[in-house]
Amino acid sequence: MDKDIADFALSYAQSKKVDYAEIRAHTEKQEGLAMKNGVLDAYFVSVDHGFCVRVLADGGIGFASTNKWTKEEARAIVDMAHKFAKMAKRKEKITFTEEKSVKVNWKAEEKKKISDVPSETRIETMAEIDKDLTSHGINVPSRMLQMGSNLTDKYFINTEGSAISSYVPRINVFAYITVVENGKPEQTYKQFGYSGGWEALDHWKLKEQMISETKVLQRVIKEAKAVKPGKMDLVCGSEVAGIAAHESCGHPMEADRILGREMSQAGRSFIYPDGPFWLGTRIGSEVVTVVDDPTIKSSYGYYEYDDEGIKARRRYLYKKGVINEFLHNRETAAKLKTRSNGSSRAINYDREAIVRMANTFVEPGDFTEEEIFEDVKEGLYMKSFTEWNIDDKRFNQRYVGREAYWIENGELKHPVARPIIETTTKVFWTAVDAVSKKVEYTAGTCGKSDPMQGVPAYMGGPLVRLREVFVK
Amino acid sequence: MSETLAKTEAVVKKGKALGADEVVARTTFGRYRQTRFSNNEVDITVAWNDYVTDVALSWQKRFVVTQIHDFQNVDETIKRLYQLAKTSKENPMYGGVANGKFHYNRSKADRSIENLNQTEYVLEAIEAARKEAGPDLNAGGIMFSKLEDVYLVSSEGPIGEDCRSAVELSIRAFSQREASGHGVECSSTIKGFDPLRAGQKAGELARMAKNPKTGVEGRYDIIFDPLFTGALLAMWGSMTSAFQVMIQLSVFVNKLGQKVTSDIVTMRDVPASYSMANRVFDDEGVPVKENVLIDKGVLKTYLHNTSTAKIFKTETTGNAGIVYPGPWNLELDAGDMSKDEMLRDVKRGLYLTNTWYTRFQNYATGDFSTIPRDGMFLIEDGEVTQSWKDVRISDNALKMLNNIVGISKERQHVHWWAEADPPSLSPYVLMRDVQITRPK
């Protein structure tokens with residue numbers, strides 16, 4: 001990365017009549033493989049590096065990026081961003097919050113350097129997983145395995161004096177598998193993600209997890225019974241609690257959605273100025289606290305400073321069942337007269353940083369896992385999910401169980417075939433009466449914006465028990 | 001030969017000189033511009049210039065790919081790629097890339113697209129929506145333009161240049177907090193591109209959608225607006241990729257030659273010059289062509305690159321994806337009905353205009369759900385009688401395909417975000433007996 005070119009671009013932007021300008025440069029070293037049914041389809045390597053400029057002038061924002069590292073190109077993109085900002089002709093001028101400038105270098109811990117891991121090891125690792133999947137007595141006719149790593153160096157500077165250099169290595173695995181038993185297929189999708197080095201493999205225990213998943217699918221096909229639709233107690237596993245935290249708490253609490261900036265794509269929020277839900281409004285029971293925290297070391301959504309140079313911290317979104325704090329960048333925080341809480345993220349130099357989640361989860365409660373179940377006379381344990389979706393105001397949602405069991409007098413009984421909870425955000429979180437002590441996380445890629453930006457994220461929670469909700 | 005094509009060819013020659021069996025290099029110089037707006041004002045205007053060469057290299061059935069940016073570090077990158085191929089694992093099913101010299105149609109791209117004043121188009125669309133929806137309009141969306149110069153050289157013969165242009169305006173208009181409509185205007189050229197059309201459509205639907213009532217569960221006949229049809233075509237069309245078939249993420253596995261839908265359905269993949277996905281060759285350098293995927297209800301072909309075609313013992317369809325094939329631009333053949341005739345045909349049903357968040361329980365069986373958004377309307381005795389909200393389609397992709405009973409004469413070129421993607425030429429569609437659910 002040629003920091004001199006980035007510095008030149010900022011000085012050139014400063015020489016123009018701008019209210020604010022920043023340069024964000026990235027080097028993205030990517031490496032990945034795709035293995036279909038045990039055959040390596042392709043191995044991919046790439047180094048992408050470029051930089052962008054974002055300019056605030058006359059109350060408008062202009063943004064331009066390039067991967068051509070010359071002064072001439074730097075001038076051209078600054079001129080373009082400046083022109084775009086002035087072209088906006090906004091009646092309501094955009095402003096950014098005042099924030100402290102920062103000079104810092106930070107990086108994620110990488111115990112076993114990813115760059116030291118040869119391609120042969122990566123290929124062999126996935127080939128072994130595939131072999132394990134096909135040699136343990138369960139028919140898995142279709143396996144699609146992908147492994148990727150992304151080593152991100154960033155350099156951020158702005159006209160307020162901030163200068164931040166960072167390095168975050170990330171590694172991920174995706175798996176789509178189909179199990180067939182008695183001619184009937186069941187499918188699953190698993191994602192693993194980690195910020196750090198090759199030690200991720202020790203944490204993930206891919207073989208055990210993948211084989212366990214095939215056993216679950218086989219058992220669903222062979223033994224699962226349909227649930228009789230009706231109101232019942234529902235225990236959500238950490239994966240289900242996590243997706244609910246992400247979809248029906250994290251997303252509606254993004255201030256850019258609340259203010260309408262994503263209205264045409266990802267949508268708006270059931271929370272809006274002068275609406276029935278706002279800061280201080282109850283949305284769930286007393287035992288519900290949902291947070292978003294980028295600072296969890298090794299988490300897939302880990303970062304110390306966001307893409308506007310703001311220090312990251314834990315955000316209490318729903319606190320004891322009450323809407324508590326939105327996710328903000330400098331633009332939304334200025335509009336709502338507060339401070340940024342470091343939620344601005346971009347996937348690469350050629351994308352605008354916008355308000356995003358990082359690691360969103362239900363905070364632990366007081367119950368042991370045994371206590372969560374023992375008080376359920378008849379109900380359902382939805383450990384994991386398959387199909388899911390939510391409306392664009394983040395209120396009407398649906399989760400279909402992938403691994404689920406009937407509970408009788410506190411004990412798990414037979415598997416249940418694709419039970420469905422289709423409910424609202426308010427009903428879901430209000431029905432929670434108990435939360436267990438141990439949080440577990442699932443990796444995901446959160447999609448938002450146009451062009452689509454998929455950012456690494458964790459979602460998670462402990463066991464969460466809901467009373468008397470409709471399951472079908 | 002242009003300078004960029006010569007540099008691209010040099011990449012291929014370097015790979016061959018090292019000992020590679022096949023090398024394909026494709027350089028794209030892309031100029032992308034986008035204006036994002038919300039609350040009736042421009043939020044940000046964005047430009048990104050991208051100079052990238054995608055390189056694919058094979059050696060003894062080992063297949064590796066990389067990207068070179070702005071022709072930096074070419075020697076080092078190709079050497080590393082070749083070494084990577086040598087340490088990679090053989091793919092016994094690898095069938096190579098296209099071989100031969102091809103003649104390409106001349107691109108009809110519109111170079112004027114690069115320097116549009118997008119703000120003016122955006123403000124025009126907002127005003128058009130306001131005229132329909134009223135003074136309380138709140139509109140948001142994007143205007144996007146793409147101009148790509150593409151240079152492709154393959155060691156197996158194909159060599160060519162292409163220029164690809166696209167322009168799109170997408171606007172979502174709100175007349176009330178929960179009453180919205182969405183309109184899109186999509187084209188490969190600025191000629192005939194009319195942002196007012198998108199604004200009017202969004203505004204009209206937003207006006208119709210006022211004071212929505214919570215919908216009622218049940219099975220309904222449904223008229224899908226072209227934008228919604230675009231999302232359905234994207235779902236069905238992507239499942240015709242041979243890759244998706246091979247990993248069973250498709251309802252079309254083992255269904256070639258079989259009836260998969262009603263007789264009135266003919267679906268094609270056509271990267272035509274009008275389309276936002278216009279191109280003259282695929283990523284192997286094979287001239288693109290029209291492919292009939294479903295002919296009068298019968299599944300005729302999957303979409304292939306050279307390698308998947310060999311596995312299926314057929315010819316490439318010109319849909320590479322250097323690694324995996326996929327559709328470019330889907331078309332559903334026009335039918336014989338008008339939208340009004342469809343309405344008259346519905347005793348109790350719904351008119352749905354847009355959707356998002358389509359997710360599957362099981363791609364092989366086709367069980368899925370999707371969430372309609374923007375205008376959704378109850379039809380009773382052939383007339384729209386209510387605006388609805390908060391419903392979901394929870395059904396089966398294959399069954400829905402079979403339940404198509406009407407297709408309109410009118411079609412629109414649509415594309416929207418990640419939902420109606422890839423772009424398509426979409427009619428209104430009348431479908432019987434679709435399951436609607438709602439939250440409890």
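The values are calculated or read from the model by the stated rules, or taken from the named source; none is laboratory data. Quick caveat: nothing in here was measured; it's all calculated off a predicted structure. Every residue, glycine among them, receives a Cβ derived from its backbone with ideal geometry; neighbour counts consider all protein chains shown. Surface accessibility is based on the protein's heavy atoms, side chains included, excluding ligands, DNA and RNA. Shrake-Rupley method; radii C 1.70, N 1.55, O 1.52, S 1.80 Å.
Are any of the residues in region B:214-224 more than 15 Å from B:ASP333 (Cβ to Cβ), open to solvent by 10 Å² or more (accessible area, probe 1.4 Å), acidic (Asp, Glu) and out of contact with any Phe, Trp or Tyr (no Cβ under 9 Å at 6 or more places or on another chain)? Scanning region B:214-224, I find at least one residue that is more than 15 Å from B:ASP333 (Cβ to Cβ), open to solvent by 10 Å² or more (accessible area, probe 1.4 Å), acidic (Asp, Glu) and out of contact with any Phe, Trp or Tyr (no Cβ under 9 Å at 6 or more places or on another chain), so the answer is yes.
In the set (1) over 27 Å from A:SER269 (Cβ atoms); (2) free of Cβ contacts under 8 Å to residues at least 12 places away in the same chain; (3) not β-branched (Val, Ile, Thr), the condition left unmet by A:GLU369 is number (2). The residue that is nearest to the other protein chains (Cβ to nearest Cβ), among those in region B:368-415 that are of a type in the set (Asp, Glu) and buried (at least 21 other Cβ atoms within 10 Å of the Cβ), is B:ASP374. Annotation: B:THR66 fulfils all but one of (1) of a type outside the set (Phe, Trp, Tyr); (2) under 28 Å from the mean Cα position of the chain (by Cα); (3) surrounded by 20 or more Cβ atoms within 10 Å (Cβ to Cβ); (4) more than 11 Å from chain A (Cβ to nearest Cβ); the unmet one is (4). For A:LEU412, the criteria (1) touching a Gly at 6+ places or on another chain (Cβ under 8 Å); (2) open to solvent by 20 Å² or more (accessible area, probe 1.4 Å); (3) part of a strand (DSSP E or B) hold in every case but one, which is (1).
Do we have A:GLY183 as at pLDDT below 95, within 13 Å of another protein chain (Cβ to nearest Cβ), surrounded by fewer than 24 Cβ atoms within 10 Å (Cβ to Cβ) and out of contact with any helix residue (DSSP H, G or I) (no Cβ under 7 Å at 6 or more places or on another chain) here? Yes. Inspect all residues belonging to region B:157-164 and state whether any of them is open to solvent by 40 Å² or more (accessible area, probe 1.4 Å), aliphatic (A, V, I, L, M), in contact with a strand residue (DSSP E or B) (Cβ under 8 Å, 6 or more places away or on another chain) and assigned to a strand (DSSP E or B). Looking through region B:157-164, at least one residue is open to solvent by 40 Å² or more (accessible area, probe 1.4 Å), aliphatic (A, V, I, L, M), in contact with a strand residue (DSSP E or B) (Cβ under 8 Å, 6 or more places away or on another chain) and assigned to a strand (DSSP E or B). Selection of region B:81-133 for residues being within 14 Å of chain A (Cβ to nearest Cβ), among the polar types (S, T, N, Q) and either touching a residue at least 40 places away in the same chain (Cβ under 8 Å) or in contact with a helix residue (DSSP H, G or I) (Cβ under 6 Å, 6 or more places away or on another chain) (or both) yields B:THR87, B:GLN118, B:THR119.
Close Cβ contacts (under 9 Å, 6 or more residues apart or on different chains) running from residues in region A:103-132 that are free of Cβ contacts under 8 Å to residues at least 24 places away in the same chain to residues that are part of a loop (DSSP other than H, G, I, E, B) and open to solvent by 20 Å² or more (accessible area, probe 1.4 Å) comprise A:GLU120/B:LYS89; A:THR121/A:TRP198; A:GLU124/B:LYS89. I'd like to check something: does region A:107-118 contain any residue that is in contact with a strand residue (DSSP E or B) (Cβ under 8 Å, 6 or more places away or on another chain), open to solvent by less than 10 Å² (accessible area, probe 1.4 Å) and facing chain B (nearest Cβ under 9 Å)? Within region A:107-118, none of the residues are in contact with a strand residue (DSSP E or B) (Cβ under 8 Å, 6 or more places away or on another chain), open to solvent by less than 10 Å² (accessible area, probe 1.4 Å) and facing chain B (nearest Cβ under 9 Å). Of the residues in region A:16-31, at least one is at the interface with chain B (Cβ under 10 Å from one of its Cβ atoms), open to solvent by 10 Å² or more (accessible area, probe 1.4 Å) and on the phi < 0 side of the Ramachandran plot. The residue list A:ASP153, A:ASP48, A:ASP79, A:ASP130 contains one member that is within 12 Å of chain B (Cβ to nearest Cβ), in contact with a strand residue (DSSP E or B) (Cβ under 9 Å, 6 or more places away or on another chain), assigned to a strand (DSSP E or B) and among the acidic types (Asp, Glu), which is A:ASP48. Of all the criteria given as (1) in contact with a strand residue (DSSP E or B) (Cβ under 7 Å, 6 or more places away or on another chain); (2) open to solvent by 40 Å² or more (accessible area, probe 1.4 Å); (3) part of a loop (DSSP other than H, G, I, E, B), the one not satisfied by B:THR301 is (2).
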